[in-house]
Amino acid sequence: MTCARLFRVHIAAGAALGAAGGGPCADAADLAVKSPVASTVYNWTGFYVGGHFGYGDGSLGPNLLPAQGVFFPRSATGALGGFQVGYNHQFANRVVLGVEADATFPDALDLIHRPQTPFNTSLDYVGTVRGRIGYAFGAWMPYVTGGFAWGHDKVRVNDPAGNAVSEPGQ
């Protein structure tokens, strides 16, 4: 065999083996490979709106003063509800700054269960506006907050029959 003929035999043999390989060479790239699991990235940035509801039952302690049950109620119970709205912004270093406002509206505190006293008080609403700073650990964010709070209350002076004689501010 001459060199040229030997070279042609090698090319023919290589072509035959490549064709017998079962298909195109791209088959190796089409193999199923497990992709890495995408980690969930939690971000605290955004607006939010919410509501709250609760019920409280409290006592003003033992009757240490003889006239305590006459001038002030012995207990304060009732439901309350309200809403809150706010915005948080999370920075690249995971520090979160935010602002929030809320309003809470308590119901009449135990007016049916307590006898009329010379003085009755009620709390009409409570509101707050505050800032917050926190540090995000994924879906968990400890924070500190501070701001302003205000409320509206009423004080009534009653006659012995329980009718309001005076309501300051009205």
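Computed values, structure above
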read-out	value
Residue 135 being out of contact with any Pro (no Cβ under 9 Å at 6 or more places or on another chain), among the hydroxyl-bearing types (Ser, Thr, Tyr) and modelled with pLDDT of 95 or more	no
First in region 78-100 and over 17 Å from residue 144 (Cα atoms), second anywhere and open to solvent by 60 Å² or more (accessible area, probe 1.4 Å) and not in a strand (DSSP E or B), Cβ under 6 Å, 6 or more apart	78/107; 79/107
Flag if residue 83 is surrounded by 12 or more Cβ atoms within 10 Å (Cβ to Cβ) and at pLDDT 75 or above	yes
Every residue from region 129-143 that is touching a Lys or Arg at 6+ places or on another chain (Cβ under 7 Å) and aliphatic (A, V, I, L, M)	136
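The values are calculated or read from the model by the stated rules, or taken from the named source; none is laboratory data. It should be emphasised that the depicted structure is a prediction, and the values quoted were computed from it without experimental measurement. When we count neighbours, we look across all protein chains shown, and the Cβ atoms used for this are built from the backbone with ideal geometry, even at glycine. Ligands, DNA and RNA are stripped out before the accessible areas are found, and what is left, the full protein with its side chains, is counted by its heavy atoms. Shrake-Rupley method; radii C 1.70, N 1.55, O 1.52, S 1.80 Å.
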